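The values are calculated or read from the model by the stated rules, or taken from the named source; none is laboratory data. The structure displayed is predicted, hence computed values, not measured ones. Here the Cβ positions follow ideal geometry from the backbone for every residue, glycine too, while neighbour counts run over all protein chains shown. For accessibility, only protein heavy atoms count, side chains too; no ligands or nucleic acids. Shrake-Rupley method; radii C 1.70, N 1.55, O 1.52, S 1.80 Å.
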Amino acid sequence: MKLHLKSMWQKPFTALMMFALMSVPAFAQMKPAKAVPSKISTLSKAETALTNKISLDSIKTFTKALAADEMEGRGTMQPGGDKAAKWIATQFKSFGLKPLGDKGSYLQSINFKETTLTPETSFQVGEEKFKMGKDYGFIPLPFPKEDKKISAEMMFIGYGMEFFSKDSDMSKVRGKVVVMIDGPPASIEKEKWEKAEANSRIFEILVINGAKGIVLVGHGRKGDKTEDYIDYFGRRQISLADEKDAFAPIPIPPMMMISKATATKLFAKSEVKFADATKQAETDAFKSFNLNQSANIVVKYATKKGTSNNVVGYIEGSDPKLKSEAVIFTAHYDAYGIENGKIYNGAADNALGTSEMMAVAEAFSKIEPKPRRSMIFLAVTGEEYGLYGSKYWAKNPTWNIEKIAANLNLDGVGTEVFGPVKNIVGYGAEHSTLGNMLAEVTKSYGIKVMPDPRPEENFFTRSDHYSFVERGIPALKLTGVNKETAKEFNETVEAWEKLHYHQPSDDVMRNWHWEGAKTVADIMGILGLRIANQEKMPAWLATSIYGKLKRGNTEPLPESD
Ligand SMILES: [Zn+2]
């Protein structure tokens, strides 16, 4: 899932930033539970026949193949990603799917651009040379990537609150590398601070008043993800090859995030030590002060262009009229590839989701009669960097976009293999008739539909189904939940996040409960079959903010509150 980066760094600069973020518990203490939800068999004969063809062994085999080191973490614009795409295409062919990519192939090629920071890039204070991706990371901004060489005195401005008062002397930051704490201060609510776009207004003031560099350190309270971001900022940045850089009206100084350990070293020569300075910064009396040391910053970029592929195939519908319409099943197969010599196998995120979708495709290829509408299976690339693969297909569809009945997406962190599935979250269920359909299907498995357990995280907008919502197509992202309550589930997810999320350690675990993956694949398959066979295509609910969207929509979407 795409990382959710606070956009306040870019707001003044009105640009997109990539990433996505979600998470789950360590396995050590888990005992493989054998219990499988009992089917209460209100399924039709055709549905039972379909689920009997959805193979748990296939899900296992596909996941292990995709998450193996040979696939080198399936990186976008990396050989591992290309290898995975070809492998998925070979499976689609073996299932008997018809190709739906470029020129009669299963592949839809997309032009990408990779931006990296070269080894010359550095951040040094006195004798101290800091390590990129560990001690610090440059925040990727949407502007032209200009190399920079800066040596300037550092000034600590706390949270920058003093700059909100109209008689503050803004000129004092001119020519300085400004060190500040990423707001809000403890005394101000996060929502209020974000609503006021406080951080971005401070950045604007600093940039306009000639700061030479901006160094952000986390506030250290709950929700501070600085250290996670630093790890990401040390990685390569991927964007579409023709993506336009945002216009920079004035020179934009480099912005970086630093760890608290690094911050302590920046204050080594200052009268006030970092720990005391952060306390002072919480008070109204706080005034900014120099750190009596210079920062030496070198930023050097390297960019290269290349391609990566979506993989797409379909099964033609059996109804002479309805076969021109299609249900589209999606999952992103890309992971973080190889970074700094480490392989990011992305087993839970999202080799598992891709494999569940492939097992559904395999099953549909084996049943007769075929569903009335056609079934498209799309494994997308570039999701981790900004939903690029699904956005590209939605903008360059290889099927009439107005004839897409619905999208069913799988992307998660493996919660369905942590134990028997007790609940399903259908992200998007509240927006269309798909919600009721999901509730009906889950009944057959004696499991319930759980509302979005963390609405504040905006998961509905952070994975590939959202690219279809943007084109006016009702969509669901399905997540299997091994817990009874949202609270338990969130704790489970957050615990895993700390250890494995977008980390090299996201590997297939010996005690994964694969039956849970089968349950999710079954539910995806049955839902797809019901959508494909019903008279009408699913519709948005009038109560939904997307209620007025039409298939083929090209207008920007209404903002959710
Ligand atoms: Zn993902």
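Listed values, structure above:
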quantity: Residue check, S432 within 16 Å of the ligand (Cβ to nearest atom), of a type in the set (G, A, S) and either modelled with pLDDT of 95 or more or not assigned by TED's automatic domain parsing to the domain that holds M375 (or both); calculated: no
quantity: Looking only at region 132-167, and only at residues there that are of a type in the set (V, I, T) and buried (at least 18 other Cβ atoms within 10 Å of the Cβ), the one that is nearest to I252 (Cα to Cα); calculated: I139
quantity: All positions within region 433-472 that are in contact with a helix residue (DSSP H, G or I) (Cβ under 9 Å, 6 or more places away or on another chain), farther than 23 Å from L50 by Cα and of a type in the set (S, T, N, Q); calculated: T461, S463, S467
quantity: Contacts under 9 angstrom Cβ, first residue in region 413-438 being without any contact (Cβ under 8 Å) to a residue 12 or more places away in the chain, partner in a helix (DSSP H, G or I) and of a type outside the set (D, E), 6 or more apart; calculated: N436/A429
quantity: Candidates K342, K403 - the one that is of a type in the set (K, R) and either over 27 Å from R235 (Cα atoms) or within 12 Å of the ligand (Cβ to nearest atom) (or both); calculated: K403
quantity: Residue in region 83-104 that is in a helix (DSSP H, G or I), touching a Lys or Arg at 6+ places or on another chain (Cβ under 8 Å) and open to solvent by less than 20 Å² (accessible area, probe 1.4 Å) present; calculated: yes
quantity: Any hit, region 192-202, residues being closer than 26 Å to L266 by Cα, buried (at least 16 other Cβ atoms within 10 Å of the Cβ) and either of a type in the set (A, V, I, L, M) or touching a His at 6+ places or on another chain (Cβ under 8 Å) (or both); calculated: yes
quantity: Failed item, numbered, when R235 is tested on (1) assigned to a loop (DSSP other than H, G, I, E, B); (2) farther than 26 Å from Q503 by Cβ; calculated: (2)
quantity: Members of region 151-166 found to be over 15 Å from F286 (Cα atoms) and at pLDDT below 90, listed by number; calculated: K166
quantity: Test: residue in region 362-375 that is aromatic (F, W, Y) and within 30 Å of I230 (Cβ to Cβ); calculated: no
quantity: Candidates K265, K279, K321, K273, filtered to the one that is at pLDDT 95 or above and open to solvent by 20 Å² or more (accessible area, probe 1.4 Å); calculated: K321
quantity: Subset of region 406-422 (residues that are farther than 26 Å from I110 by Cα and more than 16 Å from the ligand (Cβ to nearest atom)); calculated: F418, G419, P420, V421, K422
quantity: Among residues of region 372-399, those that are open to solvent by less than 10 Å² (accessible area, probe 1.4 Å), more than 13 Å from the ligand (Cβ to nearest atom) and assigned to a helix (DSSP H, G or I), counted; calculated: 2
quantity: Checklist (1) over 19 Å from the mean Cα position of the chain (by Cα); (2) among the hydroxyl-bearing types (S, T, Y); (3) at pLDDT 95 or above applied to S444, failing item; calculated: (3)
quantity: Tally, over region 345-366, of residues that are surrounded by fewer than 24 Cβ atoms within 10 Å (Cβ to Cβ) and within 11 Å of the ligand (Cβ to nearest atom); calculated: 0
quantity: Residue in region 402-415 that is surrounded by fewer than 24 Cβ atoms within 10 Å (Cβ to Cβ) and either out of contact with any strand residue (DSSP E or B) (no Cβ under 9 Å at 6 or more places or on another chain) or not aliphatic (A, V, I, L, M) (or both) present; calculated: yes
quantity: Of residues in region 325-339 being more than 10 Å from the ligand (Cβ to nearest atom), in a strand (DSSP E or B) and under 17 Å from N407 (Cα atoms), the one nearest to the chain's Cα centre (by Cα); calculated: T330
quantity: Meets criteria (open to solvent by 20 Å² or more (accessible area, probe 1.4 Å) and either touching a strand residue (DSSP E or B) at 6+ places or on another chain (Cβ under 6 Å) or touching a residue at least 40 places away in the same chain (Cβ under 8 Å) (or both)) for P369; calculated: yes
quantity: Top-ranked residue in region 441-463 [being surrounded by 18 or more Cβ atoms within 10 Å (Cβ to Cβ) and within 21 Å of D522 (Cβ to Cβ); ranked as farthest from the ligand (Cβ to nearest atom)]; calculated: S444
quantity: Complete set of residues in region 446-470 that are in a helix (DSSP H, G or I) and not hydroxyl-bearing (S, T, Y); calculated: P455, E456, E457, F459, F460, H465, F468, V469
quantity: Matching option when the condition is closer than 30 Å to A67 by Cβ and of a type in the set (V, I, T), among T554, T492, T543; calculated: T492
quantity: Check on I315, β-branched (V, I, T) and in contact with a helix residue (DSSP H, G or I) (Cβ under 6 Å, 6 or more places away or on another chain); calculated: yes
